Structures are given as C-alpha cells and as structure tokens.
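What follows is one structure encoded as structure tokens, with my remarks underneath.
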Amino acid sequence: MDLLEKLKKLPNQSGVYQYFDKNGHLLYIGKAKSLKNRVKSYFRFTPSLAPADKLGPRIYKMISEVVSLEYIVVENENDALILENSLIKQLKPKYNILLRDDKTYPYIYVNLDEDFPRLDITRKIIKEKNIKYFGPYSSGARDIVDSIYEIVPLVQKKSCIKGNEACLFYQIGKCKAPCEGKISKDDYKKLVDEALSYVYSKHKILNMLNQKMEQFSSEFRFEEAMVIRDRISTIKKSQITSSIDLTNNQDIDLFAIKTGNDRAVIVRLFIREGRIASSSNDFIKADQYFDLDEAYKRAMINYYNQELPIVPKEILTAHEIEEHDEVVEFIENKFNKKINITTPKIGKKKDLITVALNNCDELLRIDKLKTNTDIYKELQELFEFDTTPYRFEVFDNSHMMGQATVGAMVVWDEKFQKTDYRHYNLEAKDEYGQMRELLTKRALSFDKNPPPDVWVIDGGSTLLNLAHDILESVGVNIELIAIAKEKIDAKAHRAKGAAKDIIHSREKEYDLITSDARLQFIQRLRDEAHRFAISFHKKQKRKEDKKISLLELHGIGEAKVKKLLNYFGTFEAISTANLDELKTVLNEKDSQLIINHFTSD
C-alpha cells in the first residue's frame, strides 16, 4: 500500500504514527487524538501529494522526506502520549528530540510520627503517613545530612534507638541518648526543628561548616578540614543563590531551556514552601531539527512519568508552550491532580524565570569552555555523520580459552560516564557470536536506556556489518564505526610497540596517522572498553577458578570441568543438570559426584 492510499484509510482514533524515508529509516514519531485528522494535516493532496503549505521549515523538510508511514491505534490520547514517549526513547527518530530518562533524585526526609525522628535520604516514596520531604537534590543531599549530624545531636543511626543503652555517640557528644530517656520528646523536638532549619537554609549550614573547617585548621586537624572543605564545595554546587521568597509558601516546579550553538540545556528549579530548595540540569543536542516547544513537553513528560514524593501545585515554564493541554492531562492522570502550566510575565514568579534562564546562560558558558567541541565536529565531518555526535557507546568482549566469557559496554558523554557502564556474561564461544550476543542484549534494552549517537565496535568490518544488521532488525538508526589493528599476512601488526589501528565505517576504511587526534580519541574509547572488559573477566574467572577448585576437591579435574563448560556453557547450567544430562559428557561415577557436590552446597 503506497503512502497516498494509506493516508486515505487512516482511522479516526487515537494512536501513534511513524514516518519513514526512502531507505526505511525512521524520521519521526508523533501521537494524535485522531490519526486521520492529525496525519492528514501534514499534507496537501492536490494537484499531487506534497507537504502542506502552512508547515514550519523543520516539519516541511521532514514531510518532504516521507515515503511511508505506519501507525498504532490505542484507546485514548493519554495512552498515545505514553507510547509515543517510550518509542522515541527506544527508536531515536531523526526529527524527534531525545531526552534521556530523568534520574530518580534523592530526597531528604523525616518521619514525624516517630518519637525521636532522624533525617535520612530516600529515592522512593515512604509508605508512612507523616513523612516530610525536602528536595529533590541533584547533588549534595548526603553532604547536607552528614553535616547536620555533625552539628545537631540527633539519633545518629536507625539501630541506636532500639539499643536501650547509651553508646559511643552519647559519649562523644553527638547524641542525647533518648534510648536511655536522657532527653524528653519535647526537648528532642527542638533539636529536630534546629536540624530542619539547616535543611531550609543552605546559607546557614555553609556558615556553620566554614566555622568548623577553620576550627579544624587552627587545631592542625588538616585531613578533617579537607573533608569539610569538600563537603562545602558539593553543597555549593547544588545551590542556586536567590533572595526571592514567595509569600504563599507554594511548592512549584520550574522548567527553563536555552540553546547554544549545538547544545541546549534544561534547568529545573524546585521551589519548596516558597523558596528555591534545589535544582538540576541536563544538556541535550540542539541541531537543525531542534524544537523548543517539543523539548519542553518531552522534559516534563520524562520528569513526571515517575513516582514523586512531592507533587507541585503549579508548573512554570520559561517560554510559552503551544497546545500544552495534553501534558496537563498526562500529569493529571498520573497523580490524580490537575496542575496548571503557566509562563508568568510579571511579579516574583517572573523573577524566578529570570533566575533559571540566567543559570542556563552560565551553564552554556561553562560547557563551551570545558567542551572540546572541535573533536566532535571533526568526527562528524570525517565519518560523514548526519549530526554532531556527543554520546558514544563502546563494546568489547573478553575470555580465556572459552572460560569466563564476558562483554563490556562503556559510555562517553563529554567524559566517561561510569555509572552508565554495563557488563554482560556471555555464552557464545566465538568472537562473532559473542559480539552478536552482546549487541543484541544492548539493542533489546533501548526501551529502558535510549540509544546513543554512535556505537564503537572493537573489531573490523565483519563485526561492523553485524552491528548494522542488529540495529536494522530493531529499527534504530545509530552511527557506526569499528576500530581494529592493522593486519599484515592476516596477523595484527605492531610497529615499535604501538598498534597501527584502522577505523572502519559502513562506506570506507580510514588509515589515519598515529598522531591524528580523531584516531587517538577513538583509541581512548576502545582502550577503556578493553580495560573494563578485562577487569570484569578477571573477576568472573576468579569465581570460576574457585568453583573448579571446589569440584577438584570432589574428584573432578580441570580437564573434565572444561568439557562440562564446553557442553553446558555455564556453571549454573551444570549445577541444574540431571544425571542423564551429565552422563552425555562424563561417566556415571563422575556425574554422580557432580550431583552430590551441588546438592550438598
């Protein structure tokens, strides 16, 4: 069915639509209350099928590339919005804005129903009635809590109150020993109020920490002073200075987005009880397809598509958003509460917008200073990428004689993002099979962890083509390169101890000189993936060696263990095999020894 025929047969129901170009690459994912009305609005039908005249330049260019479309019918517009958001993260269309999932930020909380409450940190909603939350915090939550425990003699540990006996914390003056009744509930409440005053005022806690740091320094306790210094630095990073206080003590969330040359920054301010409590920010690509309106919608949907301890009474945006009713409805369905989205023009709320936009400017300025954008532009030009790449995922695998076979993925986004690293236990025996297993596992997780800009494969053109086929199979268009050592007479060639590496793309090979900054950047990514894979392999091998040693104690030698691993693949599979299955590899006596070994553990 061609595009025109499909357009004529669109249903008048809610759903998600997908546009594809002549090469079958996904261009755009959208949602609609009525697929028929929404999709047809992009086109004019006479004298021939073409983009509608009223479209903006970005959408006009997109529609001019469309040769086919697919759609999914859902029950209502809210379901369409949720599905659209999920598919965009999973498939990374060319013309959509991709925001990575918002992190689950920590909150400081106190359970006021307890006789002797204490401050703690949570990323989840605590199922108690009288919980008071502060946050969310993008950084500094732990430092704030630790600092308060240094200053205010609250119950230091959860287990303390259950001990019924004063402990070391009482002896060193850091606790009033309510466990032994040495402080009344009313007097302890005054300590809690004092502690909360520090949570409300970072300025107050910073002053106290500076005094403590000076005291330690004057007493030549320099290591303790350095700990306090680092704590001060972390708390300051989480602080946005403003004298603005709202008189109505409202909880408000504020979103501001600004673009630089190739990057945009999203700043979120969290106003709690009328004061700026905390903030967070993220950078995203802002190429020629960037749309500010869509970026705001995507930022809010991502943030509110999770359980939140504090739901605001109002949401402010630094720029007006067209047709934001769908976001309001989405949030109402999520929290059973209607929250207005507004862009104030005057007053203190407008002043808060100014604070947020000024922070956007400062973050973009700092980002420009610290980011070597030249290397990313040079990589785009060298490999003829459609857009400038910033986020790279790099893959390698490791094994020794088929033992402890593992795969590794490292992530670069301005720096190595170690919290995003992943390792995988693999079952395949050959390098090709291992890379196929590794990349397939990653591709199947795109719905939970969106795709990057580039995949870098440790290998040659064969593994590059494998990666391309895997991405094609899941419908995701990611830039691809592979890096492999130069081969002479089918062997990897090294000259004077330095590897001569060749970079492969789908179109050509790149034989760059060893001093080329682009080659060195790709080598650095590959080397980190190799290091991560090797370290995980060693860890797994130590586990397997321990298991082999235990089997040897039961009379099963290393050679027999390797036969078992070659057949079953993993120790877990060996441990669950029955006697008949084991007898296909070993004799009955040895098989019974193995059964006895695993059943006795």
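Structural remarks
- Across the range 145-166, the qualifying residues are those that are at pLDDT 80 or above and more than 23 Å from GLN215 (Cα to Cα), and the one among them that is most open to solvent (accessible area, probe 1.4 Å) is LYS157.
- Odd one out for LEU4 among (1) open to solvent by 20 Å² or more (accessible area, probe 1.4 Å); (2) touching a helix residue (DSSP H, G or I) at 6+ places or on another chain (Cβ under 8 Å); (3) in contact (Cβ under 8 Å) with a residue 24 or more places away in the chain: (2)
- Among the residues examined, ILE513 qualifies as modelled with pLDDT of 55 or more, out of contact with any strand residue (DSSP E or B) (no Cβ under 8 Å at 6 or more places or on another chain) and within 30 Å of ASP386 (Cα to Cα).
- Failed item in (1) part of a helix (DSSP H, G or I); (2) out of contact with any helix residue (DSSP H, G or I) (no Cβ under 7 Å at 6 or more places or on another chain), with VAL39 passing the rest: (2)
- Filtered by the rule that a residue be open to solvent by 10 Å² or more (accessible area, probe 1.4 Å), in a helix (DSSP H, G or I) and under 16 Å from HIS423 (Cα atoms), the range 436-462 gives ARG436, GLU437, THR440, LYS441.
- Restricting the first member to the range 101-122 and to residues that are in contact (Cβ under 8 Å) with a residue 12 or more places away in the chain and under 10 Å from TYR133 (Cβ atoms), and the second to residues that are open to solvent by 40 Å² or more (accessible area, probe 1.4 Å) and outside any strand (DSSP E or B), the beta-carbon pairs closer than 8 Å and six or more apart or on different chains are TYR107/ARG123; TYR109/ILE126.
- In the range 7-19, of all residues being assigned to a loop (DSSP other than H, G, I, E, B) and open to solvent by less than 20 Å² (accessible area, probe 1.4 Å), the one that is farthest from LEU81 (Cα to Cα) corresponds to LEU10.
- On the stretch given as the range 383-412, residues that are modelled with pLDDT of 90 or more and open to solvent by 30 Å² or more (accessible area, probe 1.4 Å) total 1.
- Applying the set (1) in contact with a strand residue (DSSP E or B) (Cβ under 9 Å, 6 or more places away or on another chain); (2) touching a residue at least 60 places away in the same chain (Cβ under 8 Å); (3) more than 23 Å from PHE521 (Cβ to Cβ) to ASP447 leaves exactly one unmet item: (1).
- Test result for ILE126, in a loop (DSSP other than H, G, I, E, B) and modelled with pLDDT under 90: yes
- Residue match in the range 39-53 (condition: more than 16 Å from LEU87 (Cβ to Cβ) and touching a residue at least 60 places away in the same chain (Cβ under 8 Å)): no
- Helices (runs of 4 or more DSSP H) enclosed by the range 546-601 - at least 1 residues per element that are more than 19 Å from VAL406 (Cβ to Cβ) and modelled with pLDDT under 70: 558-568, 588-600
- Only one of LYS132, LYS190, LYS103 that is closer than 23 Å to ARG268 by Cα and open to solvent by 80 Å² or more (accessible area, probe 1.4 Å): LYS103
- Within the option set ASN248, ASN261, being at pLDDT below 85, under 30 Å from ASP287 (Cα atoms) and assigned to a loop (DSSP other than H, G, I, E, B) holds for one residue only, ASN261.
- Some residue of the range 303-312 being part of a helix (DSSP H, G or I), at negative phi, of a type in the set (D, E, K, R) and at pLDDT below 90: no
- Test: residue in the range 193-203 that is within 13 Å of ILE232 (Cα to Cα), in contact with a Ser or Thr (Cβ under 9 Å, 6 or more places away or on another chain) and open to solvent by less than 50 Å² (accessible area, probe 1.4 Å): yes
- Long-range neighbours under 8 Å by Cβ, at least six apart or interchain, first residue within 9 Å of LEU81 (Cβ to Cβ) and open to solvent by 50 Å² or more (accessible area, probe 1.4 Å) within the range 321-336, second assigned to a helix (DSSP H, G or I) and among the charged types (D, E, K, R): GLU329/GLU77
- One residue alone among LYS31, LYS61, LYS22, LYS54 is basic (Lys, Arg), in a strand (DSSP E or B) and either open to solvent by 20 Å² or more (accessible area, probe 1.4 Å) or farther than 20 Å from GLU294 by Cα (or both), and that residue is LYS31.
- Residue match in the range 218-225 (condition: open to solvent by 50 Å² or more (accessible area, probe 1.4 Å), in contact (Cβ under 8 Å) with a residue 40 or more places away in the chain and either out of contact with any Asp or Glu (no Cβ under 9 Å at 6 or more places or on another chain) or part of a helix (DSSP H, G or I) (or both)): no
- Residue identified as in contact with a Leu (Cβ under 9 Å, 6 or more places away or on another chain) and of a type in the set (Phe, Trp, Tyr) among TYR60, TYR137, TYR95, TYR105: TYR95
- Number of residues in the range 337-368 that are free of Cβ contacts under 8 Å to residues at least 12 places away in the same chain and either in a loop (DSSP other than H, G, I, E, B) or open to solvent by 50 Å² or more (accessible area, probe 1.4 Å) (or both) equals 9.
- In the range 413-435, of all residues being open to solvent by less than 70 Å² (accessible area, probe 1.4 Å) and touching a residue at least 40 places away in the same chain (Cβ under 8 Å), the one that is farthest from the chain's Cα centre (by Cα) corresponds to MET435.
- Conditions (1) open to solvent by less than 70 Å² (accessible area, probe 1.4 Å); (2) modelled with pLDDT under 70: number failed by ASP489: (1)
The values are calculated or read from the model by the stated rules, or taken from the named source; none is laboratory data. Since the structure is predicted, the reported quantities are computational estimates derived from the model, not experimental observations. When we count neighbours, we look across all protein chains shown, and the Cβ atoms used for this are built from the backbone with ideal geometry, even at glycine. Areas reflect the complete protein model, heavy atoms only, side chains present, ligands, DNA and RNA absent. Shrake-Rupley method; radii C 1.70, N 1.55, O 1.52, S 1.80 Å.
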